[in-house]
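One structure is given here, and the rest of the page talks about it.
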Amino acid sequence: MKKNVLFALMTLVLTACGGQLTVDNSVVDSLDLNRYLGDWYEIARFDHSFEQGMDFCKANYTLREDGKIDVLNTGIKDGEPEEAEGIGKLTDTPALLRVSFFGPFYSDYRVMMLDSAYQYALIGSGSDDYLWILSRTPKLEDDVKAAILAEAKRRRYDTEKLIWVKQ
């Protein structure tokens, strides 16, 4: 699979200043990293250039011996497989990680909602321009989707901007 340069630019875009934050992007109180590791399907996202036209998106998180996290994002664009490798690291705040796909530039990865079984999550960044709904399975039940959307709306995200990813 070839690397998707647009995926690599993700970090640069996420670190850009977007003015005053208009949403509540606070993180959950705790995160058991070992339970969070593994595969996550991208169910929905805000549109952005580094994933534009991508379907069948999936992320895999693997703990490294040095305590950092290997990140592998995969997807299909124009019928061709794409992937981007990154690195994540923990911060002093549980559920706030820093992720980089390009050199020394790291961006916030904020776990804002996570069910007790670690089956779905609402992810934000340091900006109100980015939002992802992730799941351990390629599809979510309607009631779960509704609960996640309600939480995103409560946090003042414009859920009408979500793109529902083909899985």
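Within region 131-148, how many residues are touching an Asp or Glu at 6+ places or on another chain (Cβ under 9 Å) and of a type outside the set (A, V, I, L, M, F, W, C)?
So the count comes out to 2.
Which of the numbered conditions does Ala117 fail, given that it passes all the others? Conditions: (1) under 15 Å from Gly38 (Cα atoms); (2) touching a residue at least 24 places away in the same chain (Cβ under 8 Å); (3) not basic (Lys, Arg).
All conditions pass for Ala117, except number (2).
Only one of these conditions is not met by Ala59: (1) in a strand (DSSP E or B); (2) modelled with pLDDT under 95; (3) not β-branched (Val, Ile, Thr). Which number is it?
Failed condition: (2).
If I ask for residues that are in a strand (DSSP E or B) and of a type in the set (A, V, I, L, M, F, W, C), which ones from region 71-95 would you list?
Selection gives Val71, Leu72, Ile76, Ala84, Ile87, Leu90.
Just the residues that are within 20 Å of Pro94 (Cβ to Cβ) and assigned to a strand (DSSP E or B), please, taken from region 132-167.
The answer is Trp132, Leu134.
Going through region 30-56 one residue at a time, which ones are among the charged types (D, E, K, R), farther than 17 Å from Ser125 by Cβ and not in a loop (DSSP other than H, G, I, E, B)?
Scanning region 30-56 gives Arg35, Asp39, Asp55.
All but one of (1) farther than 23 Å from Gly53 by Cα; (2) modelled with pLDDT of 95 or more; (3) not in a loop (DSSP other than H, G, I, E, B) hold for Tyr106; which doesn't?
(2)
Given Ile76, Ile163, which one is farther than 22 Å from Leu37 by Cβ, touching a residue at least 40 places away in the same chain (Cβ under 8 Å) and aliphatic (A, V, I, L, M)?
When all the criteria are applied, what remains is Ile163.
The values are calculated or read from the model by the stated rules, or taken from the named source; none is laboratory data. Given the structure is predicted, the values throughout are model-derived calculations rather than measurements. So basically every Cβ, Gly included, is an ideal-geometry build from the backbone, and we count neighbours across all protein chains shown.
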